[in-house]
Amino acid sequence: MTNPVLADVLRGDQVESRHRGSVVVCDASGKTIMAVGDTNKPVFPRSAVKSIQALPFVESGAADAYGFGNRELALACASHNGEPEHASLAQSMLERAGLSEADMECGVHWPTLQKSALDLASSGRQPNQLHNNCSGKHSGFLCTCAHEGIDPTGYVGADHRLQEMVRDAMENVTGAKHDPAHRGTDGCSIPTYAIPLKNMALGFARMATGEGLAPQRAAAAKRLFEACMAEPFLVAGTDRADTKLMQAAPGKIMVKIGAEGVFCAAIPSIGVGIALKCDDGAARAAEAIVARVLEIVLRDDKDLGPKLKALANPVFRNWNGIEVGGIRTPEAYA
């Protein structure tokens, strides 16, 4: 099937580009509340499910053993900018477990925030793995290995015990089989598995409510979501959609972007999960669409509505500060 247009990009008042995709909202029982487009097609969730991948970090007792609180738990779920606060916290996590940046297997890239990259370069330094946007997740992985007495060498491999723990958690929470036939390799080198969009939404609903999860897992999920909502800057960073959305609704919504136009979200107070995918992989569209879906689902929240509406219809300005267009998302998705 051809997915519908979920967002228009405007130049002036003319449509310049269009983004098609699919969206699903469901509760923890699997009941569909809203569905648009093909929500059964397998999609790689990429970084959108880092909070689920972080469950073994909490369940194993590693987080408590090293004295970690909301800040470290949020960073373990993050796709951050590589700002100094992010890199230094990842380093601190590793040091508490007797590890270092050299133990990481996520690879190196410059901070994604331009200012942080320029500051690093102007000081004559090169980036390292702590600046990788996934360094918090990998720090959590390594701390889990250290606490469990697992040799961390090759921890990014699909057959490593750590990744088996992560895969088991993903299957249990999303209800989708994670098999080699649907496996790829993520940007930070860990396995990623294509699953139906609805299972991603179901996973987030279960994480938000604990419904369908064993008590220990439900408690770990609650801690991770609450940590992200308490520390939204550490989940993403300066001028990032995840941070802006959670700051707009403190303690009300948990959101997490994934690469290639994927976004997941949850609203714990009403027990629903949200997942979406832009067919063309555009993050700019995914960010606007998730804000619109949240506005639709939270239509009775009169205080939050205007904030979400603004994020769902961002304005574009050129280098002279002149308004030239923006993104338009529909008032409702049929």
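The values are calculated or read from the model by the stated rules, or taken from the named source; none is laboratory data. Only a predicted model underlies this, so the values are computations on that prediction, with no experimental measurement involved. Heads up, the Cβs are rebuilt from the backbone with ideal geometry, glycines too, and the neighbour counts pull from every protein chain shown. Quick note on the areas: whole protein, heavy atoms, side chains included, nothing else; ligands and nucleic acids left out. Shrake-Rupley method; radii C 1.70, N 1.55, O 1.52, S 1.80 Å.
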| field | Pairwise centroid distance, computed over Cα atoms, of the range 281-308 with the range 173-233, Å | value | 21
| For the range 216-323, rounded, prolate or oblate, judged on the Cα gyration tensor with a ≥ b ≥ c (square roots of eigenvalues), a/c < 1.5 rounded, else prolate if a/b > b/c? | prolate
| note | Here the FRET efficiency for ALA332 versus GLN247, based on Cβ atoms and R0 = 35 Å and rounded to 0.05, is 0.85
| query | Which whole-Hz couplings ³J(HN,Hα) result when phi for each residue of the range 197-207 is put into the Karplus expression 6.51 cos²θ - 1.76 cosθ + 1.60, θ = phi - 60°, listed in order with x for Gly and Pro? | reply | 4, 4, 5, 5, 4, 4, x, 5, 5, 5, 4
| request: Please work out how much length the chain gains when fully extended from PHE316 to LYS115, using 0.36 nm per residue of separation minus the C-alpha to C-alpha distance, in nm with one decimal. | output: 70.3 nm
| Which value, in debye to the nearest 20, gives the size of the charge dipole of the range 178-325 about its Cα centre, when Lys and Arg are +1 and Asp and Glu are -1 at the Cβ? | 240
| query | If you add up the charges near GLY258, with Lys and Arg at +1 and Asp and Glu at -1, over every other residue whose beta carbon is less than 10 angstrom from its beta carbon, what do you get? | reply | +2
| Hypothetical label at THR238: residues of the range 67-87 whose amide nitrogen lies under 14 Å (7 Å Cα-Cβ projection) | 81-87
| Charge tally in the Cβ shell below 14 Å around ALA28, where Lys, Arg are +1 and Asp, Glu are -1, ALA28 excluded | +3
| task | For the range 58-135, build the charge dipole from Cβ charges (+1 Lys, Arg; -1 Asp, Glu) around the Cα centre, then report which of SER123, SER100, ALA74 sits farthest towards its positive end. | result | SER123
| request: May I ask for the angle, rounded to the nearest 10°, between helix 161-174 and the longest principal axis of the chain, with both axes built from Cα atoms and the value confined to 0 to 90°? | output: 30
| message | Taking C-beta distances below 4.7 angstrom as the pairing criterion, name the unpartnered cysteines of the chain, in sequence order. | response | CYS26, CYS77, CYS143, CYS145, CYS228, CYS264, CYS278
| note | Loop-resident trypsin sites (Lys or Arg not before Pro) in the range 91-191 with no more than 16 other Cβ atoms inside 10 Å, DSSP not H/G/I/E/B, are ARG125, LYS177
| note | Per the 1/(1 + (r/R0)^6) rule, R0 = 51 Å and r from the Cβ atoms of ALA194 and GLU323, FRET efficiency to 0.05 is 0.85
| Two-decimal ratio, the range 1-126, of alpha-carbon radius of gyration to 2.2 N^0.38 Å | 1.47
| message | Which one, LYS309, LYS277, LYS256, has the greatest fluctuation when you compute a Gaussian network model over the chain with C-alpha springs under 10 angstrom? | response | LYS309
| remark: Taking the dipole of the range 134-268 about the Cα centre (Lys, Arg +1; Asp, Glu -1; charges at Cβ), the one of CYS264, LEU162, THR185 that reaches farthest to the positive side is CYS264
| task | Compare MET1, MET254 by solvent-accessible area with a 1.4 Å probe and give them largest first, with all protein chains kept in place. | result | MET1, MET254
| query | Can you work out the FRET efficiency for the pair ALA214 and ARG11, with r the C-beta to C-beta distance and R0 = 35 Å, to the nearest 0.05? | reply | 0.10
| task | Using a 1.4 angstrom probe on the protein heavy atoms only, line up ILE289, ILE322 by accessible area, largest first. | result | ILE322, ILE289
| field | Unit charges on C-beta of K, R, D, E only; dipole of the range 1-128, Debye | value | 400
| note | If every Lys and Arg gets +1 and every Asp and Glu gets -1 at its Cβ, then about the Cα centre the range 1-53 yields a dipole, in debye to the nearest 20, of 240
| query | Gaussian network model of the chain, Cα springs within a sub-10 Å range: biggest mean-square fluctuation belongs to which of GLY69, GLY124, GLY149? | reply | GLY124
| field | Cα gyration tensor shape for the range 89-167, rounded if a/c is under 1.5, else prolate or oblate | value | prolate
